[in-house]
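Report on one structure; see the data block that follows.
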Amino acid sequence: MPICCGRFRVKRNPLQDYDSFMSFSHRVKALPVSKNEFEIFPRRGEVWALYKNWAADISCSDLETCEYDIVAVHAENDLQREVLVLERVDGYNSVFKTRVKGRSPEMMTIPEVELLRFSHSIPSFQLTEEKGGSLRGCWELDPAALPVRFFS
C-alpha cells in the first residue's frame, strides 16, 4: 500500500531517471526533522483525500475500487487530526464546501494510529469573492489530484 504521510528518510541509492514529470502530481510540504529525515503529515488548512472503509490490512489491489472522502484539516496535534468533510458544490467539478449534518459542519477525528487513511494531499485554495461571494468559504481543488470517481 502506498504510504503518503509519515517520517521519511533519504537514502543514498542509485539515482532514478525520469523522462516525464507525469508521474508526479504536485509538490508536498515536508518538514525537516533531522539530517536526511523529513515528515509529511496533514496540516491545518490542507485538503486531503481520505480512504473510506480503511483497514490496517488494506492491500494495493483494494485501492482500485477504494472510495474516498475529501477533507480539510481543521486541527492537529500529536494524537489526532480533526477534519471537516467536504462535498462537491452542485454545478462545479472541483469546487467543494463543508458538508453540514443537521446544523453543524460534519467533522471526523482521525487518531494518530490511523494516519495511513490519508491517501494524498490535494492542492487547493479557499474562495472569497467569486460568483459575487456566493462561493465564499468553499475550496477550489486541483482536478488532477481528485479521485476519478468525482468526475463520473
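Over the chain, calculate the relative contact order: mean separation of alpha carbon pairs under 8 Å at least 6 apart, over the residue count, as a percent.
Values: 251 pairs, mean separation 33.0, N = 152.
Relative CO of the chain lands at 22 percent.
Highest mean first, how do 94-102, 45-53 rank when packing is the count of other Cβ atoms within 10 Å averaged over residues? If you can, show how the numbers build up before the last one.
Working: 94-102: 15.6, 45-53: 18.1.
Output ranking for 94-102, 45-53: 45-53, 94-102.
I want the antiparallel fraction of DSSP beta bridges within the chain, as a percent rounded to 5.
Working: 37 of 37 bridges.
Antiparallel bridges: around 100 percent, rounded to the nearest 5.
Return, for the Cα atoms of the chain, the radius of gyration and Dmax in Å, separated by a comma.
16.7, 55
Using a 10 Å cut-off on Cβ atoms, rank the peptides 130-136, 118-124 from the highest mean neighbour count down. Please list the in-between numbers first.
Working: 130-136: 11.6, 118-124: 21.1.
Ranked by mean Cβ neighbours within 10 Å, highest first: 118-124, 130-136.
Along Cα→Cβ, 7 Å out, is where each label goes; now give me the distance between the ones at Glu39 and Glu130 in nm to one decimal.
About 3.2 nm, to one decimal.
Please rank Phe150, Phe125, fewest neighbouring Cβ atoms within 10 Å first, as an exposure proxy.
Working: Phe150 15, Phe125 10.
Arranged by neighbour count, lowest to highest, Phe150, Phe125 become Phe125, Phe150.
Any read-out appearing in this document is the output of simple, stated calculations on the displayed coordinates, not a laboratory observation. Here the structure is a predicted model, which is why all the values come from computation and not from measurement. Quick reminder, even Gly has a Cβ in these numbers, built from the backbone with ideal geometry, and neighbours come from all protein chains shown.
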